[in-house]
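Written out below as structure tokens is the structure these notes cover.
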Amino acid sequence: MTAVANNEVTQLLMSWSKGDRSALDQLTPILYGELRRLAASHLRRGYEAETIQPTSLVHEAYLRLADQDELVFQNRAQFFGLAAQVMRTILVDHARSKSAAKRGGGGAVITLRDDLAASPQSGTDILQLHDALEALALQDERKARIIEMKYFGGMTVQEISEVMSISPATIGREIRVAHAWLLRRMQQ
């Protein structure tokens with residue numbers, strides 16, 4: 001998106017936050033492509049790739065977001081932070097229902113990767129990642145939120161910095177520390 005488009009998105013998000021449902025109608029075509037890119041990115045990494053398609057993930061996320069009455073957005077980055085939470089919830093719910101259908105087996109395999117930190121040797125079940133993120137949140141809510149935005153929202157360090165009101169350098173350090181913590185936790 002260009003700077004002009006970002007300003008337009010911010011204005012529409014703020015209008016939607018104030019109850020203007022027509023702003024949501026205008027936002028949909030603008031944000032749909034970006035949400036679809038994020039969903040495709042998740043699924044390329046193996047999040048439920050064999051049973052849920054990017055379009056289905058985007059539509060479910062859109063429906064959940066559109067159904068919210070008390071959303072407040074200051075900018076595009078905040079929207080994608082919330083979209084990251086929603087997509088994570090959808091993927092975890094989907095993995096749980098799939099796992100329950102198979103009586104405890106066959107969770108989706110994912111790879112926790114980042115250019116800033118070493119990748120694990122093998123894939124990880126999304127439910128295992130979810131559990132590890134929940135444990136991290138109990139120890140350090142900020143790190144868990146940053147990881148959620150990075151991995152589930154596909155947000156850049158700069159975008160996370162804007163949402164969290166923390167310097168990009170601090171975000172980078174938090175990502176590295178949280179990534180290492182999650183890898184250790186998931187290898188236990």
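The values are calculated or read from the model by the stated rules, or taken from the named source; none is laboratory data. Since the model is a prediction, treat every value here as computed from it, not as a measurement. Heads up, the Cβs are rebuilt from the backbone with ideal geometry, glycines too, and the neighbour counts pull from every protein chain shown.
Just a few scattered comments:
- Unmet requirement for K18, which otherwise passes all of (1) basic (K, R); (2) under 20 Å from the mean Cα position of the chain (by Cα); (3) modelled with pLDDT of 80 or more: (2)
- Remark: pairs (first residue in segment 161-172, touching a residue at least 40 places away in the same chain (Cβ under 8 Å) and closer than 15 Å to Q74 by Cβ; second residue assigned to a helix (DSSP H, G or I) and not small (G, A, S); Cβ separation under 7 Å; 6+ apart in sequence or on different chains) = V163/Q78; V163/M149.
- Condition met for V109 (farther than 30 Å from T10 by Cα and at pLDDT 85 or above): no
- The helices (runs of 4 or more DSSP H) falling completely within segment 116-183 that include 1 or more residues that are over 17 Å from the mean Cα position of the chain (by Cα), modelled with pLDDT of 90 or more and not β-branched (V, I, T) map to 126-139.
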